[in-house]
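Comments concern the structure below.
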Amino acid sequence: MAVDNITLSCGTSGNTKAADQREWVGDLGSKFFPTEESNHKSITSPAQSQASVNTVPYKTARLSYFPFTYVFPVTPGPKFVRLYFYSASYSGFDKSKDYFTVKAGSFTLLKNFSASDSLGKETLIKEFCINVEKNQKLNLTFIPFPSNYYAFINGIEIVSMPIEYMYYSPQGFTKDELVPKYVGQAPQFFINYSMALEMVYRLNVGGNSISAMADTGMFREWSDGINYLWSEGSNPSDPTVILNYSKIPNYTAPDTVYRTAISMGPNSTMNLVSNLTWGLPVDTGFDYLVRLHFCEIDPMVNLVSSRVFTIYIDYQIAEERADVISWADDNKYTPIFKDYVVKIQNKGSEKKHILSIDLHPVSDPEITYLDAILNGVEVFKLSDSDGNLVGPSMAPPLLDQQPALTANKFSTKKTIFIAIGSGVGFLLMLTLVYCMVLWKSKKTKRYGSYHPQPKWWCWPYPYNRKLTRTKASSSLPEVLCRYFTLNELKTATDNFNEELLIGVGGFGNVYKGLIDNGNMMVAIKRMKPESRQGAREFRTEIEMLSQLRHVHLVSLIGYCNDDSEMILVYEYMKNGTLRHHLYDTDNDPLTWKQRLQICIGAARGLHYLHTSTKHPIIHRDVKTTNILLDEKWVSKVSDFGLSKMGLDNSAVSTVSLKIKVIKTQDKEIKLKDNDPRHMRSKS
């Protein structure tokens, strides 16, 4: 049982029971009544629309146009802090004007937050992990956005967590094997007590959702993962299996999580060209803790090397050989979890990023089952060095000319001060804008930039469903997209200097260039304006690559269409095309292992195109010149100018393709599986 188990129903008095029979204490007349300024009191109100939500703590709320703070005297140690919001109409408050910040001591949990913008959800629970030091209290402060916006809260829950559950320290109690790996960075990442975390996802991937009361005493809610699964799989389960908690504490996750799972299935041939894939949208600019739960519940998988797979997180290898039986000391039915921390970098105008989790079977002679398995996933955002957990937040809309009635009127004297302050602030803002414009005009002469409204078009972020369209020539959504001016790309390539030429083709030339103050090497493809199909392929390339992100697909960085130019900017691939290493080359020959890995990588990229989006994409121009190799010899499929999008997965096998005859060394060759010329290479 948790040491601290506080459930506070805001805006009501007495004790009431929720639908799950948990008892909630009203804040009115209790020791948890908020502190606030004497002349700026918050008010309470019942929710006026309870047709679909009629349970504690959503029946009532505390609301205010001024800051208010809840103070919780709790024991030292890490806590779950859960905030409950119900976006409803409350007496005297406009539903659309809830914009506020929530702080817990020095941590910023929410900023410019609005429950009414929660993607159509009426109720919302935000969960955080915060450590409380000795002789400290847990303070939660709600701060409304200035000028007639308000803050509100329906319920607050505080539950103690075991000391080893989330926080780690080299001097602590944590076993070294449970310290998270820092994917692509340092070997280990220690989550210390100076950090706060926000729970982003908690998924029982192989089974149904799990209620708070069915958790292990920490009242966590588990969702099913079906909405985030991007691939097909089977669902092994054994509800009667007796689990052996010899490696981790039995409170780590409910038994149901470990008694259900998702695996790839029995088809080894298909498994070797497939992944188990989840795609989870997250904010950019933060580190994330990814906790993966495993348990081998198949009685046939009972020996080391029975089932071994590679774990990729955000397209980086997190675990090269994941062997659950080996982790469990040769024991089946033994739950285990592995923690990984991954850094999601800021990406200019991109506020969201799809955090991918991919599992792929390892193919070795000693491995019995070419398969992968996963039972559960938890993802937590880690606070930055300033104690901030806030991702991109929307600015509140402009208010009407007449302010709404508030619970506390501003005094005349205060209004005068605000007017004076606004005037001074306006003058300062004008000066700042002038300086920014001057600075920007100088900066864009040299370096690539992000323009909020591009001159042409770009594919929208796939999770934004409300699309706007430009008024003039563009027929595609107008969204944030990396756009380069022609002068910027001339600077990047020294005016398209032929010494920087790295590729020539019928489409045009490819140059090596430097952008972002010379810190980033890119490949710049300048298409021929007289190309008959150039404009269509240029558009198709942007449409396709702007919505795709995969380790085995070349990433599009931006474009330029100034002065009828058609220029695309890609990530730079140091080792060039695959063809360059197979035909008429002075390079060292590729080893057979390299060739196999290159083929597997390209196949994974194509499989992602065919299966990982609602509408499959058919490349239609796969050849050695369109398979590029980075500095680590990772293969990536490129050139999507001829690609087509199908209606569903059946389109992969039924789409009508116009196959062009490929010319190699000015000789036409037929595409046959047994053509020995496809095996030619320098050896």
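The values are calculated or read from the model by the stated rules, or taken from the named source; none is laboratory data. Treat the numbers as computed from the prediction; the structure is a model and nothing was measured. Here the Cβ positions follow ideal geometry from the backbone for every residue, glycine too, while neighbour counts run over all protein chains shown.
I'm trying to understand the selection: among the residues of the stretch 362-391, which are in contact with a helix residue (DSSP H, G or I) (Cβ under 7 Å, 6 or more places away or on another chain) and either at pLDDT below 95 or not in a strand (DSSP E or B) (or both)? Once the filter is applied, which keeps residues that are in contact with a helix residue (DSSP H, G or I) (Cβ under 7 Å, 6 or more places away or on another chain) and either at pLDDT below 95 or not in a strand (DSSP E or B) (or both), the stretch 362-391 yields Ser363, Leu370, Asp371, Asn375. Filtering Val377, Val362 for residues that are without any contact (Cβ under 8 Å) to a residue 60 or more places away in the chain and either buried (at least 22 other Cβ atoms within 10 Å of the Cβ) or assigned by TED's automatic domain parsing to the domain that holds Trp222 (or both) leaves a single hit, Val362.
The residues of the stretch 129-147 that are in contact with a strand residue (DSSP E or B) (Cβ under 7 Å, 6 or more places away or on another chain) and farther than 22 Å from Thr60 by Cα, listed by number, are Cys129, Ile130, Asn131, Val132, Lys137, Leu138. Restricting Ser274, Ser234, Ser194, Ser263 to residues that are surrounded by fewer than 18 Cβ atoms within 10 Å (Cβ to Cβ), over 26 Å from Gly387 (Cβ atoms) and outside the structural domain of Arg22 (by TED's automatic domain parsing) narrows the list to Ser234.
Scanning the stretch 54-79 for residues that are part of a strand (DSSP E or B) and crowded, with 17+ Cβ neighbours inside 10 Å turns up Thr60, Ala61, Arg62, Leu63, Ser64, Phe68, Tyr70, Phe72, Gly77, Pro78, Lys79.
Filter the stretch 314-355 down to residues that are assigned to a strand (DSSP E or B) and of a type in the set (Ser, Thr, Tyr), then give me how many there are.
Of the residues in that region, 1 qualify.
Pairs meeting the criteria (first residue in the stretch 1-14 and on the phi > 0 side of the Ramachandran plot, second residue among the polar types (S, T, N, Q) and crowded, with 21+ Cβ neighbours inside 10 Å, beta carbons under 7 Å, at least 6 apart or on different chains) are Gly11/Thr60. When Met213, Met218 are checked against the criterion of being in a helix (DSSP H, G or I), surrounded by fewer than 19 Cβ atoms within 10 Å (Cβ to Cβ), in contact (Cβ under 8 Å) with a residue 60 or more places away in the chain and outside the structural domain of His615 (by TED's automatic domain parsing), a single residue qualifies: Met213. Can Thr12 be described as in a strand (DSSP E or B) and over 28 Å from Ser211 (Cα atoms)? So Thr12 fails the test.
Here the stretch 289-299 is the region considered, the condition is being out of contact with any Lys or Arg (no Cβ under 6 Å at 6 or more places or on another chain) and in contact (Cβ under 8 Å) with a residue 60 or more places away in the chain, and the residue that is surrounded by the fewest Cβ atoms within 10 Å (Cβ to Cβ) is Asp298. Checked against the criterion of being assigned to a loop (DSSP other than H, G, I, E, B), of a type in the set (Phe, Trp, Tyr) and in contact with a Leu (Cβ under 8 Å, 6 or more places away or on another chain), the stretch 162-169 contains one or more residues that satisfy it.
Do we find a residue being hydroxyl-bearing (Ser, Thr, Tyr) and closer than 15 Å to Glu157 by Cβ anywhere in the stretch 91-100? Can you show your working first?
Within the stretch 91-100, the subset hydroxyl-bearing (Ser, Thr, Tyr) is 91, 96, 99.
Imposing the further condition that a residue be closer than 15 Å to Glu157 by Cβ reduces the set to none.
No, there is no match, as no residue in the stretch 91-100 is hydroxyl-bearing (Ser, Thr, Tyr) and closer than 15 Å to Glu157 by Cβ.
Please enumerate the residues belonging to the stretch 158-214 that are within 16 Å of Pro76 (Cβ to Cβ), modelled with pLDDT of 90 or more and β-branched (Val, Ile, Thr). If the condition is that a residue be within 16 Å of Pro76 (Cβ to Cβ), modelled with pLDDT of 90 or more and β-branched (Val, Ile, Thr), then Ile158, Val159 are the ones that fit. Could you please find all residues in the stretch 298-351 being of a type in the set (Asp, Glu) and under 19 Å from Thr252 (Cβ atoms)? Glu319, Asp329, Asp339 - these are the residues of the stretch 298-351 that are of a type in the set (Asp, Glu) and under 19 Å from Thr252 (Cβ atoms). Screening the candidates Leu629, Leu642, Leu671, Leu647 for the property of being modelled with pLDDT of 85 or more, of a type in the set (A, V, I, L, M) and either closer than 25 Å to Leu568 by Cα or out of contact with any strand residue (DSSP E or B) (no Cβ under 9 Å at 6 or more places or on another chain) (or both) yields one hit, Leu629.
Here Ala88 clears all of (1) part of a loop (DSSP other than H, G, I, E, B); (2) modelled with pLDDT of 95 or more; (3) aliphatic (A, V, I, L, M) except the condition numbered (2).
Looking at the stretch 19-36, is at least one residue part of a loop (DSSP other than H, G, I, E, B), within 22 Å of Ile143 (Cβ to Cβ) and of a type in the set (Val, Ile, Thr)? No: the stretch 19-36 contains no residue that is part of a loop (DSSP other than H, G, I, E, B), within 22 Å of Ile143 (Cβ to Cβ) and of a type in the set (Val, Ile, Thr). Of all the residues in the stretch 83-125, those that are among the aliphatic types (A, V, I, L, M), under 24 Å from the mean Cα position of the chain (by Cα) and over 22 Å from Thr55 (Cα atoms) number 3.
Annotation note: of Tyr608, Tyr572, the sole residue that is at pLDDT 85 or above, buried (at least 19 other Cβ atoms within 10 Å of the Cβ) and of a type in the set (Ser, Thr, Tyr) is Tyr572. Of the set (1) under 26 Å from the mean Cα position of the chain (by Cα); (2) surrounded by 15 or more Cβ atoms within 10 Å (Cβ to Cβ); (3) β-branched (Val, Ile, Thr), all apply to Val308 but (1).
Among the residues of the stretch 1-30, those identified as within 34 Å of the chain's Cα centre (by Cα) and acidic (Asp, Glu) are Asp4, Asp20. For the stretch 221-238, a residue qualifies if it is of a type outside the set (D, E, K, R), within 14 Å of Asn204 (Cα to Cα) and in a loop (DSSP other than H, G, I, E, B), and the qualifying residues are Gly225, Asn235, Pro236.
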